[in-house]
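Note sheet for the following structure.
The values are calculated or read from the model by the stated rules, or taken from the named source; none is laboratory data. The structure presented is a predicted model; accordingly, all values stated were derived computationally and were not measured. Heads up, the Cβs are rebuilt from the backbone with ideal geometry, glycines too, and the neighbour counts pull from every protein chain shown.
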Amino acid sequence: MNDQAPVCPGCHFACAIDDYECARGEAFHERWAAGEELPVRRGPGRPPAGGMPEGTMKPTSDERTMHLLHILEIALSDLERESGSDAPERRVVDCLMRHNRAASAFVIEGRTHLSGAELSDALEHVKSHHLAEYQQAKTGTTFYALTDSGIEQAKAWLEERRAAQARFLSVLDDAEEQQLHQLVAKLLEPGFARMRG
């Protein structure tokens, strides 16, 4: 391993793992999830990892859970990318579908988190491909509205996304999926409570 050893993006010890290739490497992941003590090697000038002695690292239960959630976040991002759902033009079309098939550029920017050239290019793409058209209301307000072709394309993209999500979750049986729903809802409940409050 060279001095610039890769660092696990899910690891909060800021250390490098011997023979480590990827945050989702099966051998590492299985040992980490099992709570095994893992050999570590820090690069030059790296501070001690969480106060742990050089040469070993044993994750706590909380750290293993946060690591798994981080890897899940990466996997979900990969899923969005592979299904094309994160493409700027798809995000614009999806935003319009969610806003009664029409929205201003300001709303689209806020909902899609696209800005600058990326937003301009995406809006130009949906217009040039006849997925949406630029319109002006009697009040003078301007907005983008989906065309019939845009609505059909949005529905087709939604089905593609649902199929990709179904493949991702297919490893879970009904009971496991129900358990996952309950656990995620429990984790998110404090945030929902703040929103309601």
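Between 62, 78, which is within 30 Å of residue 183 (Cα to Cα) and surrounded by 12 or more Cβ atoms within 10 Å (Cβ to Cβ)? Break it down into steps so the answer makes sense when it comes.
Working: 62 fails: surrounded by 12 or more Cβ atoms within 10 Å (Cβ to Cβ).
From the options 62, 78, the qualifying one is 78.
If you go through region 68-111, how many residues are part of a helix (DSSP H, G or I) and more than 15 Å from the chain's Cα centre (by Cα)?
Result for region 68-111: 16.
In region 117-155, which residues are out of contact with any helix residue (DSSP H, G or I) (no Cβ under 7 Å at 6 or more places or on another chain) and under 16 Å from residue 88 (Cα atoms)?
Within region 117-155, 117, 120, 124, 127, 128, 129 qualify.
Those residues that are at positive phi and surrounded by 13 or more Cβ atoms within 10 Å (Cβ to Cβ), I need them from region 93-123; list them, please.
Taking region 93-123 as the starting set, the residues that turn out to be at positive phi are 100-101, 113, 116.
Passing the criteria: only 101.
Yes or no, residue by residue, for (1) at pLDDT below 95; (2) closer than 30 Å to residue 66 by Cβ; (3) not aliphatic (A, V, I, L, M):
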site: 114; (1), (2), (3): yes, yes, no
site: 127; (1), (2), (3): no, no, yes
site: 132; (1), (2), (3): no, no, no
site: 138; (1), (2), (3): yes, no, yes
site: 149; (1), (2), (3): no, no, yes
site: 159; (1), (2), (3): yes, no, yes
site: 175; (1), (2), (3): no, yes, no
site: 179; (1), (2), (3): no, yes, yes
site: 184; (1), (2), (3): yes, yes, no
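Just give me the residues in region 160-176 being surrounded by 10 or more Cβ atoms within 10 Å (Cβ to Cβ) and more than 19 Å from the chain's Cα centre (by Cα), in sequence order.
Quick first cut of region 160-176, residues surrounded by 10 or more Cβ atoms within 10 Å (Cβ to Cβ) only: 160-165, 167-169, 172, 176.
Within region 160-176, 172, 176 qualify.
Residues of region 108-141 being farther than 22 Å from residue 86 by Cβ and not β-branched (Val, Ile, Thr), which ones?
Of region 108-141, the ones farther than 22 Å from residue 86 by Cβ are 130, 133-141.
Answer for region 108-141, where residues must be farther than 22 Å from residue 86 by Cβ and not β-branched (Val, Ile, Thr): 130, 133, 134, 135, 136, 137, 138, 140.
Just give me the residues in region 156-197 being in contact with a helix residue (DSSP H, G or I) (Cβ under 9 Å, 6 or more places away or on another chain), over 23 Å from residue 104 (Cα atoms) and hydrophobic (A, V, I, L, M, F, W, C), in sequence order.
Within region 156-197, 163, 164, 168, 169, 172, 180, 185, 187, 192 qualify.
In the set 154, 145, which member is assigned to a helix (DSSP H, G or I), touching a residue at least 24 places away in the same chain (Cβ under 8 Å), surrounded by 12 or more Cβ atoms within 10 Å (Cβ to Cβ) and among the aliphatic types (A, V, I, L, M)? Give the steps one after another, and end with the answer.
On the way: 145 fails: assigned to a helix (DSSP H, G or I).
When all the criteria are applied, what remains is 154.
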